[in-house]
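The structure under discussion appears below in the form of structure tokens.
The values are calculated or read from the model by the stated rules, or taken from the named source; none is laboratory data. From a predicted model like this one, the values you see are computed outputs, not experimental measurements. Here the Cβ positions follow ideal geometry from the backbone for every residue, glycine too, while neighbour counts run over all protein chains shown.
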Amino acid sequence: MTVQELPGAAAYRPTPPPAWRPRTDPAPLLPDPEPFRVLGTGAELDAALMLKLYGELVRGRRYNAQATALTKQGRLAVYPSSTGQEACEVAAALALEERDWLFPSYRDTLAAVARGLDPVQALTLLRGDWHTGYDPREHRIAPLCTPLATQLPHAVGLAHAARLKGDDVVALALVGDGGTSEGDFHEALNFAAVWQAPVVFLVQNNGFAISVPLAKQTAAPSLAHKAVGYGMPGRLVDGNDAPAVHQVLSEAVARARRGGGPTLIEAVTYRMEAHTNADDATRYRGSAEVDAWREHDPIRILEDELTARGILDEHGIRTAAEAAETMAAALRERMNADPVLDPMDLFAEVYAEQSGQLREQAAQLRAELEAEAR
Amino acid sequence: MTTATAKKPATMAQALQRAMRDAMAEDPSVHVLGEDVGALGGVFRVTDGLAKEFGEDRCTDTPLAEAGILGTAVGMAMYGLRPVVEMQFDAFAYPAFEQLISHVAKMRNRTGGAMPMPIVVRVPYGGGIGGVEHHSDSSEAYYMATPGLKVVTPATVEDAYGLLREAIASDDPVVFLEPKRLYWSKSDWSPEAPVTVEPIGRAVVRRTGHSATLITYGPSVPVCMEAAEAAREEGWDLEVVDLRSLVPFDDETVCASVRRTGRAVVVHESAGFGGPGGEIAARVTERCFHHLEAPVLRVAGFDIPYPPPMLEKHHLPGVDRVLDAVARLQWEAEH
């Protein structure tokens, strides 16, 4: 028996004043229960865009493989592969205009590369020679963020600041399914909705936070459902369907740009590799599940559809593969050399002006280096 | 260039408010944000009138979420604004620690200097106002332990203005600790009068003396000044050094004083173990060992969670505890 069912309970129930009622009808904010799909629906496809998406997917897959190989060769400290998630990465980057900002997490190297970042610069964090590896302002790509979900409020603040300055800039923030459990995820979404900031949140739900499956992460019907409580629309999309992800993201970006406020998008995808090279995925998932997702591979389903429609042919497939090989060869060659680092850089950018304490420590290191050199 | 206007005593809270107002008037990129900073003017009224004068886009009431406030400030700074964040109370600033330590303090370094974080985090701190739990923490040691942050705390009305202007002008992130029991302290300084603004990182000798040096900052400065006056009756002529900036640390001024006096006591109200006093005592000993006539002593709060208000008078270092420490400086060894 609930409180409402107790005899006489209704008489004691106060009538809420108007301010207590929901301010927004939640129905339009709710995501469709089925992930949005384009492939296999007979929807019209923009051939030029499709070929662009396809080329970036193939290049991205090759990039993931090459970076993983570099890790095994000791050239990278670690590499969190996004194999299987390339559609999310590529669509995220291609949905943005040049003036927009991307806020990636540590797994989103591909999104940064698809946005035009030098493939080597995108790996310096993981190689270990310079944390960020590029000027975030130059590319409008925030540093790849390792702490979970902490980059989301940055995206909100930047989008808010841009709007205050009168610029029609949109911020796109990427986060994983595990990151949605963090407090910063909640605070970022809440700030974004209250401020109506032009920001889009893309959750790449790849099934696992390292080893913990989504069912142990959340009891929500879907991660996109979380949007409703903040007063922003939630969208659910097939994260392996590149045209679908691109369409949903483009709509959310356009909506944010015209002052419509933030959107939360959940892209349902799958991480085909382990969390990083340090992880053993066989401990927490069976090969049958991985095989099932292999049938729904983002490159394969796009290639099949584009070929069937005559947008892509053998020549196109070969061209994309060759371009990816060229990129990989260049990456291998450029990553083969040991970077030359100046130890004195340790003290260079801690503060705008070096403190007396750091000047003393810099002098100590310089003396040590000179002694070593003798 | 003194003005002819009659001086009326100003409070530290007014000086801080004036500093933000002047900075906002001079630089449109300065934005104030925090909980209750708008219509209410802050729970201590430090942001009083800013929203009215500059609009809610420049002085913004945020949702109640410290990590969100500082996290969005990071994004605002990325886009070229200079956010001044108010954390309502010392202990309420803790949810923002991850943003502060992982991003605010490190962004310049991570990006090779490409992305400075000109953010000021204003934190009312310390006890002595009869606050209930979680309203009286001295959190300076946590901030001091984080490279990349400047940590500043004023003890006078004039410094409150000058240091906050410097903090807002700084391209580095500054944790600006406001001793809340000094918010209503007064001085003859008029909020309208011009002031000399000292760069961050310089300590000041508040009182000269030759017997021993009291090294202190923030809310303990008035305590030490009072102790120095009382010490005259005991025959001690104490020098008082107000650090003003804990990071960067002014070794020069502190050590020059200790070399003159030969004895030193560090005084602060945060816990002694792992507190700023240990670092300061070590620095002084490393640099002034042959000038010292006695070990550097510490007078600090006890190593306890901040006590309930009816007991805080037993916890906070007062004049007597400072004088007791001075008495323990091995005076007989002089001979």
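Tabulated results
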quantity	calculated
Positions within segment B:202-224 being within 23 Å of B:Leu316 (Cα to Cα) and in contact with a Phe, Trp or Tyr (Cβ under 7 Å, 6 or more places away or on another chain), in sequence order	B:Ala212
Residue tally, condition closer than 20 Å to B:Gly278 by Cβ and among the aromatic types (Phe, Trp, Tyr), over segment B:298-335	2
Hits in segment B:128-181 - residues which are more than 13 Å from every other protein chain (Cβ to nearest Cβ), in a helix (DSSP H, G or I) and charged (D, E, K, R)	B:Glu140, B:Glu158, B:Asp159, B:Arg165, B:Lys180, B:Arg181
Subset tally (residues that are facing chain B (nearest Cβ under 7 Å) and surrounded by fewer than 20 Cβ atoms within 10 Å (Cβ to Cβ)) for segment A:122-135	3
Out of B:Val30, B:Val85, sole residue that is within 14 Å of chain A (Cβ to nearest Cβ) and in contact with a Gly (Cβ under 8 Å, 6 or more places away or on another chain)	B:Val85
Condition met for B:Val240 (under 24 Å from B:Arg328 (Cβ atoms) and either modelled with pLDDT under 95 or not aromatic (Phe, Trp, Tyr) (or both))	yes
One residue from A:Ala171, A:Ala142 being crowded, with 24+ Cβ neighbours inside 10 Å and over 14 Å from A:Pro262 (Cβ atoms)	A:Ala142
Tally, over segment A:256-273, of residues that are closer than 20 Å to A:Ser82 by Cβ and either surrounded by fewer than 20 Cβ atoms within 10 Å (Cβ to Cβ) or not small (Gly, Ala, Ser) (or both)	8
Entirely in segment A:121-208, the helices (runs of 4 or more DSSP H) that have 3 or more residues that are at pLDDT below 95	A:124-127
Residue selected from segment B:246-257 under the condition among the aliphatic types (A, V, I, L, M) and buried (at least 23 other Cβ atoms within 10 Å of the Cβ), by the criterion nearest to the other protein chains (Cβ to nearest Cβ)	B:Val247
Conditions (1) buried (at least 21 other Cβ atoms within 10 Å of the Cβ); (2) of a type outside the set (A, V, I, L, M); (3) free of Cβ contacts under 8 Å to residues at least 40 places away in the same chain; number of the one not met by B:Ser102	(1)
Condition met for B:Ser187 (buried (at least 20 other Cβ atoms within 10 Å of the Cβ) and either in contact with a Cys (Cβ under 7 Å, 6 or more places away or on another chain) or more than 14 Å from chain A (Cβ to nearest Cβ) (or both))	no
Filtered residues of segment A:149-184 (kept if more than 10 Å from chain B (Cβ to nearest Cβ) and in contact (Cβ under 8 Å) with a residue 40 or more places away in the chain)	A:Asp168, A:Val170, A:Leu172, A:Leu174, A:Val175, A:Gly176, A:Asp177, A:Gly179, A:Thr180
Those helices (runs of 4 or more DSSP H) lying entirely in segment A:279-374 with at least 1 residues touching a Gly at 6+ places or on another chain (Cβ under 8 Å), closer than 19 Å to A:Ser82 by Cβ and small (Gly, Ala, Ser)	A:314-335
Single residue of segment B:229-245 satisfying the filter (part of a strand (DSSP E or B) and more than 22 Å from A:Ala352 (Cα to Cα)) that is nearest to the other protein chains (Cβ to nearest Cβ)	B:Val241
Boolean, B:Arg58 is of a type in the set (D, E, K, R), within 26 Å of A:Gln151 (Cβ to Cβ) and in contact with an Asp or Glu (Cβ under 9 Å, 6 or more places away or on another chain)	no
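Results for (1) part of a loop (DSSP other than H, G, I, E, B); (2) acidic (Asp, Glu); (3) more than 23 Å from the chain's Cα centre (by Cα); (4) at pLDDT below 95, shown as yes or no for each residue.
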| residue | (1), (2), (3), (4) |
| --- | --- |
| B:Asp57 | yes, yes, yes, no |
| B:Thr60 | no, no, yes, no |
| B:Ala73 | no, no, no, no |
| B:Pro83 | no, no, no, no |
| B:Phe97 | no, no, no, no |
| B:Ile101 | no, no, no, no |
